[in-house]
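S.K.: Pasting a structure here, questions to come.
No value in this document is a laboratory result; all are computed from the given coordinates. Computed from a prediction, not measured in an experiment: that's the story for all the values here. Cβ: placed from backbone, ideal geometry, glycine included. Neighbour counts: every protein chain shown.
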Amino acid sequence: MRGPLIGKTQHARALRENATSAEALLWARLRNRQLGGHKFARQVPVGPYFADFCCREHKLIVEVDGATHSTDAELAADARRTAHLAAQGYRIIRFTNAEMFENAVGVLETILTLLEGRDHL
C-alpha cells in the first residue's frame, strides 16, 4: 500500500530529479547492477531519512556528501542520521563529492569490497 508513503515517494522523486553531479556520476556506475551484479536504488526512504544509494540485499547505504556536511552542526546531524540508520541494521559509508570526481574507481572498489564481505564497516 503506497497511500501513506505518497509524500515520501514524491520527496524521493524530487531528490532523484535534483541529484548533484557527484551523485549522478555514482548512479551512472551503480544502476542496472553494473557493480558486481548488486542492485542499488537511490533516494530510498529509511525511517525519517533518505539514503542516497542503498543496496537492500546487503543493507549497505552509500552517501555522497558535498560542502554542506562540514560544520559542527551538520556533522552532528550526520552522526545522528548514521546512528539511526545503523540501528535499522544498515552499514553506512560516506564519500565526498571530491572523492567521486577525483577517484571514482577507488570509490567503486571500496563499495564492492564491502558488498563482497572482504572488509567490514
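S.K.: What distance in nm separates the two pseudo spin-label positions at Ala104 and His84, each 7 Å out from Cα along the beta-carbon direction?
M.R.: It is 3.1 nm.
S.K.: Oh, and also: Can you classify the range 41-121 as rounded, prolate or oblate using the Cα gyration tensor, where a ≥ b ≥ c are the square roots of its eigenvalues, rounded means a/c under 1.5, and otherwise it's prolate if a/b beats b/c and oblate if not?
M.R.: oblate
S.K.: Any chance you could check the Cα centroid distance between the range 74-104 and the range 35-59 for me, in angstrom?
M.R.: Their Cα centres are 12 Å away from one another.
S.K.: What ³J(HN,Hα) values, in whole Hz, does the Karplus curve 6.51 cos²θ - 1.76 cosθ + 1.60 give for the range 86-99 when θ = phi - 60°, with x put for Gly and Pro?
M.R.: Using θ = phi - 60°, the values come out as 5, 5, 8, x, 8, 9, 10, 10, 10, 10, 8, 4, 4, 4 Hz.
S.K.: Let me ask you something else. Is the range 16-57 best put as rounded, prolate or oblate by its Cα gyration tensor, with a ≥ b ≥ c the root eigenvalues, rounded for a/c under 1.5, and otherwise prolate when a/b is larger than b/c, oblate when not?
M.R.: Oblate.
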